Amino acid sequence: MSSIENENDQMSLGAKVAPERKHKIWAVGGGKGGVGKSLVTANLSICLALMGYKVVAIDLDLGGANLHTCLGVPIPEKTLSDYLTKKVRSLQEITTPTATENLFLISGAQDDVGIANMKHMQKAKLLSQLDTLDADYVIMDLGAGTGLNTLDFFISADQGILTALPEPTSIENTYRFIKSIYHRKIKNAEELLELGPTIDQALNAKISQNSTPADLVTKIIGTNPQMGHRLKMELNKLVPKLIVNQIRTQSDIDIGFSMQIICKKYFGINLDYIGYLEYDATVWQSVKRRKPLLMEFPHSALVNNFDQIIHNLLRVT
Ligand SMILES: Nc1ncnc2c1ncn2[C@@H]1O[C@H](COP(=O)(O)OP(=O)(O)OP(=O)(O)O)[C@@H](O)[C@H]1O
Ligand SMILES: [Mg+2]
């Protein structure tokens, strides 16, 4: 049964459930721009903070940073640019308080200095710095598209959350994003499993139009069964969480279930549909007022939606 069907045991935003591990990292991504990634990052962060967790929301939208607006804070004096250009040594130093107790922001770079060309080492260092932050949860807001930095941030998280709109272009982009993280994870597993030539062979062969990520693994199993099965186990750990945003009808809600089925059937990927967000005018009103939605409109229909989503995320974390 999908997680979204568990509506009986809905948890209120005030109830605190202890996580198994102290420091959890979630990433919010999606194939397309404007699908609600920053809205989701900001409001999931607020939900967790209201529950008593210490939360750091980090804006990793390289080139379009605006998470601060969704959280209702002006651009902080120190941003990720200062870390990337080595003006400060640690991420903790650029962590800024917000109006919500327990919730802190690491604001994204407002210029392209050091960010657009973030190199592998810098990225690895940044990711390892996330582990040093003083927080129960770190939530990453990612940029649109399937750039390698974005894919790596997504894969590195304990929970990778995808937002999609119930419209064909967004759905297509979501599938593309899922395919890309799958391929990226395979490339990353290359070293771990010493699969180099086998992977290259399979990735080169996959260029045909109809091949799916599942076909790719089957090909690798065909060439090297032992390693292929280990790779399959590694890939089974990849369970992206899906949120369908801006729903207006029941059929919009059902799109999430269809996507779940399609991902399993054609990609061999367990997509976990964790909830939906209604289309609601309070969203743009809160953006216009530069205030966080859940704080500005505590009676918005989206409060229940976020409640359900956070419940499902904490259940699987
Ligand atoms: N559930 C909703 N109801 C109404 N409007 C919404 C909803 N979700 C998002 N929006 C509108 O869509 C806009 C884009 O949302 P948001 O900035 O969160 O998307 P994004 O995926 O982070 O975009 P980008 O890729 O540009 O960073 C919001 O400013 C808001 O106006
Ligand atoms: Mg955004």
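Laid out as a table, the results:
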| quantity | calculated |
| --- | --- |
| Single unsatisfied condition, residue 254 versus (1) under 19 Å from the mean Cα position of the chain (by Cα); (2) within 27 Å of residue 179 (Cα to Cα); (3) among the acidic types (Asp, Glu) | (1) |
| Selection count where residues are polar (S, T, N, Q) and closer than 22 Å to residue 236 by Cβ, scope segment 126-177 | 4 |
| Residues satisfying the stated conditions in segment 267-302, i.e. outside any loop (DSSP other than H, G, I, E, B) and surrounded by fewer than 17 Cβ atoms within 10 Å (Cβ to Cβ) | 281, 284, 285, 288, 296 |
| Members of segment 222-251 found to be in a helix (DSSP H, G or I) and within 18 Å of residue 181 (Cβ to Cβ), listed by number | 231, 232, 233, 234, 235, 236 |
| Every residue from segment 138-149 that is farther than 17 Å from residue 170 by Cα and crowded, with 24+ Cβ neighbours inside 10 Å | 138, 139, 140, 141 |
| Residues of segment 137-152 satisfying the condition of being among the acidic types (Asp, Glu) and either away from ligand 2 (no atom under 15 Å from the Cβ) or part of a loop (DSSP other than H, G, I, E, B) (or both) | 152 |
| Extreme residue, farthest from residue 156 (Cα to Cα), among residues of segment 60-96 that are of a type in the set (A, V, I, L, M) and away from ligand 1 (no atom under 16 Å from the Cβ) | 88 |
| Residues that are among the aliphatic types (A, V, I, L, M) and within 11 Å of the chain's Cα centre (by Cα), drawn from segment 145-180 | 151, 155, 157, 161, 162 |
| Qualifying positions in segment 257-306 - within 20 Å of the chain's Cα centre (by Cα), of a type in the set (Phe, Trp, Tyr) and away from ligand 1 (no atom under 15 Å from the Cβ) | 257, 267, 273 |
| Among residues of segment 256-280, those that are more than 16 Å from ligand 2 (Cβ to nearest atom) and either closer than 20 Å to residue 313 by Cβ or of a type in the set (D, E, K, R) (or both), counted | 17 |
| Test: residue in segment 237-256 that is basic (Lys, Arg) and closer than 30 Å to residue 215 by Cα | yes |
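Coordinate-derived values only; no laboratory data. Here the structure is a predicted model, which is why all the values come from computation and not from measurement. When we count neighbours, we look across all protein chains shown, and the Cβ atoms used for this are built from the backbone with ideal geometry, even at glycine.
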